[in-house]
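In what follows, a structure is listed as structure tokens, so that the remarks can point back to it.
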Amino acid sequence: AILGSVGRQINSLACSKILQALRFPSMHQRYEALVEAHAKTFEWAFREDANAQWQSYRNWLREGRGIYWIQGKAGSGKSTLMRFLAEDPRSLEYLQVWLGNSIPEICQFYFWRSGVSEQRSLTGLLRTLIYKIVTLKSLDYETLIPQILPEEWEEIMAHKTEWRSDPEGWRISKMKQALTALF
């Protein structure tokens, strides 16, 4: 039992190191820089409008498939809209209809053209999504990380004290493999 406890501690340490390496200092900076939408500014997103030229967001959450695409010019408020939609309790409520017995959770990443490279790159998006998914309340990252990033986990578990957390090590292909393994 003691050896099992030590093994769990080593696994926990290895997984924590990998989480620290996935996370980057500016991961939440764009989100935090977004201003909150003024009351009722985006209420239209939850209305049912028979004359609308777009699919109802509310219906898409409840029964939709594919991607709900939101586009607009730079500075037009897309990120502020997405923050509003992600934080509004109705989004989780409508997702619950689609999910049935599963618990809905939302992971967010906001591209920022004028931000640092991780904020405007596919690598930053993938690192953020993997980090946020494995740290969801409903998941056990200490079980997931060895499965989705086995090389990094094995390297740390082999007691390599000089394990690198070099951001260059997070190649897009590696992140895609990890995300695929998660799903």
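What follows is calculated from the coordinates using simple rules that are stated; it is not laboratory data. Note that the structure is predicted; figures quoted are calculated from it, not measured. Counting neighbours? That spans all protein chains shown, and the Cβs are built from the backbone with ideal geometry, glycine included.
Return the loop-located GluC sites (Glu not before Pro) in the stretch 72-118 (DSSP other than H, G, I, E, B) with at most 15 other Cβ atoms within 10 Å of their own Cβ; answer none if there are none.
Listed in order of number, the matching sites are Glu105.
Cut-off 10 angstrom, C-alpha nodes, Gaussian network model of the chain. Which of Gly72, Gly64, Gly115 fluctuates the most?
Gly72
Could you rank the peptides 137-145, 77-85, 36-44 by their average count of other C-beta atoms within 10 Å per residue, with the highest value first?
Per-residue mean Cβ counts within 10 Å order the peptides as 77-85, 137-145, 36-44.
Taking Cα pairs under 8 Å and at least six residues apart, what relative contact order does the stretch 68-148 come out at, in percent?
15 percent
Where the only charges are on Cβ atoms (+1 Lys, Arg; -1 Asp, Glu), what is the dipole of the chain about its Cα centre, to the nearest 20 debye?
420 debye
So what is log10(I(q)/I(0)) for the stretch 27-99 at q = 0.19 1/Å, when the Debye sum runs over its Cα atoms only?
-0.90
Evaluate the distance, in nm, between pseudo-label points positioned 7 Å from the Cα of Glu93 and of Glu43 along their respective Cα→Cβ axes.
Modelled inter-label distance: 1.4 nm.
Report P(r) for the stretch 1-159: all Cα-Cα distances, bin width 5 Å, range 0 to the bin holding the largest distance, values in whole percent.
Reading the bins upward from 0: 1, 7, 13, 16, 16, 15, 12, 8, 5, 3, 2, 1, 0, 0.
Given a 10 angstrom Cα cut-off, can you work out which residue in Asn101, Asn11, Asn59 is the most mobile in a GNM of the chain?
Asn101
Let me know the number of lysine pairs in the chain closer than 22 Å at the Cα, not counting same-chain pairs under 8 apart.
Lysine pair count for the chain: 11.
Quick one, could you list the DSSP H helices from the chain stretching 27 Å or more along their long axis (Cα atoms) with average Kyte-Doolittle hydropathy of -0.5 or above?
Result, helices passing both filters: 2-22.
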